[in-house]
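What follows is a single structure, written as structure tokens, with notes after it.
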Amino acid sequence: MTAGAVALITGGASGIGAATARRLAGEGWRVVIADVDAARGAGVADDCGGLFIHTDVTSLHDNEHAVAQSVRAHGRLDAVVLNAAIAGRCGLDDFTQQHYRETMRTDLDGIVYGLHAALPRLRRQRSGHIVVTGSLAGLTGSPDVFYATAKHALIGLVRSAAPHLARDGIRLNIVCPGLVDTPVLARARTAILAHGLLLADPGEIAAAVQSVLGDRRTGRAWVVQAGRPAVPVEFPEIPLATR
Ligand SMILES: NC(=O)c1ccc[n+]([C@@H]2O[C@H](COP(=O)([O-])OP(=O)(O)OC[C@H]3O[C@@H](n4cnc5c(N)ncnc54)[C@H](O)[C@@H]3O)[C@@H](O)[C@H]2O)c1
């Protein structure tokens, strides 16, 4: 990717998004942080010499605004990292419609809206790369049932949309991290380590995002775990039934 390329990163105020912003800025990218957390988002943007745009990804309008502001500031948009998400707000046993909708609004609608907002610009350019942050939970399942449900849906979104977008010169991939040492896991951290599970550093996921951005393939789900490089998942070939 040429120096001066522009990346818009949702959820860039913290954890994996902030690490990705710092990594790409270090490689000469111009980064735009889109997040609901104005204080931390502006801080990361300052560190990266980037721009912060207050964005709630659950709003299509906010996503469109973030894309418009990125293009207004820099005149181009090369990569969009759709990364903002929350842990599930309820499970099967403490289900409420409100908490279920909050989870889906952020973790699924927020990505769909980010994709939809970026497409007109990327289609006009006939280039660009969208990288979604999924999760290993979107491939294997998780006790956080509705978080995992949303992350599974994102795999379907990427696999289904990528062939269409390839006709417009746009790549779409999803990075699926295992456990990562970020604020979202703070409360479970001690128990995770006590089980002997490895936590990746957010910088490892940022490195994976960077390597996926540099890969020519599209429609892939890339698993990223602590101490290992990103590897694309091999989904089974299931031919349609014929007479
Ligand atoms: N930490 C892990 O173990 C792990 C594992 C797999 C996948 N992930 C995924 O990585 C991504 C980043 O998570 P993280 O671990 O860095 O968590 P994090 O909590 O450190 O960062 C999430 C960021 O998203 C922002 N955000 C939340 N709701 C938003 C909204 N409505 N609009 C805009 N911004 C919003 C938060 O303010 C925060 O800055 C998420 O998609 C998460 O599901 C994390």
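The values are calculated or read from the model by the stated rules, or taken from the named source; none is laboratory data. Please read all numbers here as calculations on a predicted model, not as lab measurements. In this analysis, Cβ positions are derived from the backbone assuming ideal geometry, glycine residues included, and neighbour counts consider all displayed protein chains.
Remarks
- Unique residue being surrounded by 23 or more Cβ atoms within 10 Å (Cβ to Cβ) and not aliphatic (A, V, I, L, M) when the list is 196, 138: 138
- Residues in region 158-179 that are within 14 Å of the ligand (Cβ to nearest atom) and either farther than 19 Å from residue 229 by Cα or surrounded by fewer than 22 Cβ atoms within 10 Å (Cβ to Cβ) (or both) were compared, and the one that is nearest to the chain's Cα centre (by Cα) is 158.
- Considering 92, 77, 82, the condition of being more than 16 Å from the ligand (Cβ to nearest atom) and either within 20 Å of residue 128 (Cβ to Cβ) or at pLDDT below 95 (or both) is satisfied by 77 alone.
- Those residues of region 179-230 which are without any contact (Cβ under 8 Å) to a residue 60 or more places away in the chain and among the hydroxyl-bearing types (Ser, Thr, Tyr), in sequence order: 190, 211, 218
- Any hit, region 144-154, residues being touching a Pro at 6+ places or on another chain (Cβ under 7 Å) and surrounded by fewer than 22 Cβ atoms within 10 Å (Cβ to Cβ): no
Residue-wise test of (1) in a strand (DSSP E or B); (2) of a type in the set (A, V, I, L, M, F, W, C); (3) on the phi > 0 side of the Ramachandran plot.
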| position | (1), (2), (3) |
| --- | --- |
| 146 | no, yes, no |
| 150 | no, yes, no |
| 154 | no, yes, no |
| 160 | no, no, no |
| 164 | no, no, no |
| 173 | yes, no, no |
| 176 | yes, yes, no |
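- Set 117, 73: member being in a helix (DSSP H, G or I), surrounded by 17 or more Cβ atoms within 10 Å (Cβ to Cβ) and in contact (Cβ under 8 Å) with a residue 40 or more places away in the chain: 117
- Candidates 111, 130, filtered to the one that is in contact with a Leu (Cβ under 6 Å, 6 or more places away or on another chain), surrounded by 15 or more Cβ atoms within 10 Å (Cβ to Cβ) and outside any helix (DSSP H, G or I): 130
- Looking only at residues in region 4-37 that are over 20 Å from residue 117 (Cα atoms) and either among the β-branched types (Val, Ile, Thr) or free of Cβ contacts under 8 Å to residues at least 24 places away in the same chain (or both), the one that is farthest from the ligand (Cβ to nearest atom) is 26.
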